1. Mind checking which residues of the range 23-63 are among the hydroxyl-bearing types (S, T, Y) and either surrounded by 14 or more Cβ atoms within 10 Å (Cβ to Cβ) or in a helix (DSSP H, G or I) (or both)?
2. Looking at P52, P66 in this structure, which one is modelled with pLDDT of 90 or more and under 23 Å from I24 (Cα atoms)?
3. In the range 9-23, is there at least one residue being in contact with a Lys or Arg (Cβ under 9 Å, 6 or more places away or on another chain), at pLDDT below 80 and of a type in the set (D, E)?
4. Which of the residues belonging to the range 64-87 are of a type in the set (D, E, K, R), exposed (fewer than 14 other Cβ atoms within 10 Å of the Cβ) and in a helix (DSSP H, G or I)?
5. What pairs come up if the first residue lies in the range 70-89 and is basic (K, R), the second is at pLDDT below 80, and their beta carbons are under 6 Å apart, counting only those six or more places apart or on different chains?
6. How many residues, within the range 87-134, are at pLDDT below 80 and not hydroxyl-bearing (S, T, Y)?
Amino acid sequence: MKYPLFIKRRSTLQDPLLCARDAILRDRLADFLRKQHPTNTAKEVGRKAKLPPRTVERWLAGLSSPRLEHFIRLLHAYGPALLKAAMDDDCIRTMKRNGGFDWVDRLRAAEDQQKAEADLERVQRALNALRSARPSERRED
């Protein structure tokens with residue numbers, strides 16, 4: 001097939017490799033999203049990341065991969081855990097060898113701490129509300 005001059009054609013030797021890497025990334029993301037939302041995955045991901053559920057369904061079915069702006073929305077919604085889940089084994093080995101996962105682990109720990117502090121604050125407010133609603137119980141001996 002002849003391509004117009006303004007369309008650059010990829011080398012045929014790289015096409016299978018690029019397709020395979022896309023498929024691996026797509027499968028890793030799909031697995032991660034299904035673990036996060038075992039039921040109604042596309043609908044829940046769409047709600048959380050503010051994406052059309054039909055787009056997410058296409059990713060989950062392996063028909064397409066997220067564009068950069070959608071991947072950024074996913075990162076914003078799911079944090080560093082998504083990034084770590086999306087990386088291939090070679091990348092993970094290289095980063096571990098170079099100590100590169102440290103920043104991802106620190107981000108995840110900070111995110112977990114922030115969630116725990118928010119949960120603690122919510123529980124503390126609920127406890128205070130219960131204490132103030134209950135009449136004081138004093139024993140008279």
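The values are calculated or read from the model by the stated rules, or taken from the named source; none is laboratory data. Not measured: the values here are computed from a predicted model. Counting neighbours? That spans all protein chains shown, and the Cβs are built from the backbone with ideal geometry, glycine included.
1. So the first thing to find is which residues in the range 23-63 are among the hydroxyl-bearing types (S, T, Y), and the list is 39, 41, 55.
Across the range 23-63, the qualifying residues are T41, T55.
2. Numbers: P66 fails: modelled with pLDDT of 90 or more.
P52 is the lone residue from the list that is modelled with pLDDT of 90 or more and under 23 Å from I24 (Cα atoms).
3. no
4. Initial filter on the range 64-87 (of a type in the set (D, E, K, R)): 67, 69, 73, 84.
Remaining after also requiring exposed (fewer than 14 other Cβ atoms within 10 Å of the Cβ): 67, 69.
Answer for the range 64-87, where residues must be of a type in the set (D, E, K, R), exposed (fewer than 14 other Cβ atoms within 10 Å of the Cβ) and in a helix (DSSP H, G or I): just E69.
5. Close Cβ pairs (under 6 Å, with a partner that is at pLDDT below 80) amount to K84/V104.
6. To start, the set of residues in the range 87-134 that are at pLDDT below 80 comprises 87-108, 134.
Then drop every residue that is not not hydroxyl-bearing (S, T, Y), which leaves 87-93, 95-108, 134.
The number of residues fulfilling the criteria is 22.
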